[in-house]
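The next block holds one structure in the form of structure tokens; read it before the comments.
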Amino acid sequence: MLILASASPRRRELLTQAGIPFEVHPAHIPEDLLPGEEPIAYVTRLAREKAQTVFAQLRKIPGAHADGADMDVDGLAVLGADTTVTLDNQILGKPADAADAARMLRLLSGRSHRVVTGVALATAGGIEVAAEVTGVRFLTLSDAEIEAYVATGEPMDKAGAYAIQGRASRWIPRIEGCYFNVVGLPLALVCAMLEARRG
């Protein structure tokens, strides 16, 4: 049984789209950046901590399945993931407020940036960690466009203050790499990790 250690509706949608059965048990861990931590190290650390935390919780709980059945630890796999946006090696996480969202969008305007997702798969046999990086190009945005976009509320729970699958799609002429990574979960990478585990 695959457990998604995330409350992200986008990650749930992507796993469902890929036809992967799963249950959701969000991890509640601090997501603070450590001093001097690089973007890939940051997202892979958080993905690992999310997967390990939920795996440890579920293996101790009788009736942990959604249907009340006991969890089969040997068949348990917990997927943790964390996504961030990085520009000039500066991490742009979720905006604190509307002003912060506008600040991030001004930084991204007319430039290319990277979206980095760390993924971790925790099983009884240990934990596997990987990362995916996608390059994203933004058109130049006017102040009016930024203000109108922020007013929709769409940027507020998104790393880098935008959703490629939403209204921001009109400003992204090109990406290099996995589209689904920018949405929040690199599906091909995750599926390869799951296949290797079965393997």
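Quick notes
- The residues on offer are Ser112, Ser142, and the sole one that is closer than 22 Å to Ile40 by Cα and surrounded by fewer than 14 Cβ atoms within 10 Å (Cβ to Cβ) is Ser112.
- The selection criterion, being in a loop (DSSP other than H, G, I, E, B), within 27 Å of Gln90 (Cα to Cα) and either without any contact (Cβ under 8 Å) to a residue 24 or more places away in the chain or among the acidic types (Asp, Glu) (or both), holds for Glu37.
- Tally of residues being among the hydroxyl-bearing types (Ser, Thr, Tyr), farther than 18 Å from Pro39 by Cβ and crowded, with 19+ Cβ neighbours inside 10 Å across the stretch 145-166: 1
- Residue that is at pLDDT 95 or above, more than 25 Å from Asp88 (Cα to Cα) and in contact with a helix residue (DSSP H, G or I) (Cβ under 7 Å, 6 or more places away or on another chain), where the choices are Glu154, Glu128, Glu132: Glu128
- Residues that are closer than 30 Å to Ala124 by Cα, buried (at least 19 other Cβ atoms within 10 Å of the Cβ) and either touching a Phe, Trp or Tyr at 6+ places or on another chain (Cβ under 8 Å) or not aliphatic (A, V, I, L, M) (or both), drawn from the stretch 167-186: Phe180, Asn181, Gly184, Pro186
- Among residues of the stretch 157-169 that are modelled with pLDDT under 95, none has a Cβ under 7 angstrom from a residue that is exposed (fewer than 15 other Cβ atoms within 10 Å of the Cβ) and in a helix (DSSP H, G or I) at a sequence gap of 6+ or on a separate chain.
- Complete set of residues in the stretch 77-119 that are outside any strand (DSSP E or B), polar (S, T, N, Q) and either under 20 Å from Glu154 (Cα atoms) or touching a His at 6+ places or on another chain (Cβ under 8 Å) (or both): Ser109
- Counted residues, the stretch 1-43 - those being of a type in the set (D, E, K, R) and loosely packed, with under 11 Cβ neighbours inside 10 Å: 1
- Here Met71 clears all of (1) in a loop (DSSP other than H, G, I, E, B); (2) at pLDDT 95 or above; (3) in contact with a Lys or Arg (Cβ under 8 Å, 6 or more places away or on another chain); (4) among the aliphatic types (A, V, I, L, M) except the condition numbered (2).
- Residues located in the stretch 112-156, provided they are farther than 30 Å from Ala196 by Cα, of a type in the set (D, E, K, R) and in contact (Cβ under 8 Å) with a residue 40 or more places away in the chain: Glu147
The values are calculated or read from the model by the stated rules, or taken from the named source; none is laboratory data. Just so it is clear, the model here is predicted, and its values are computed rather than measured. Cβ coordinates were reconstructed from backbone atoms using ideal geometry, including for glycine residues, and neighbour counts include every protein chain displayed.
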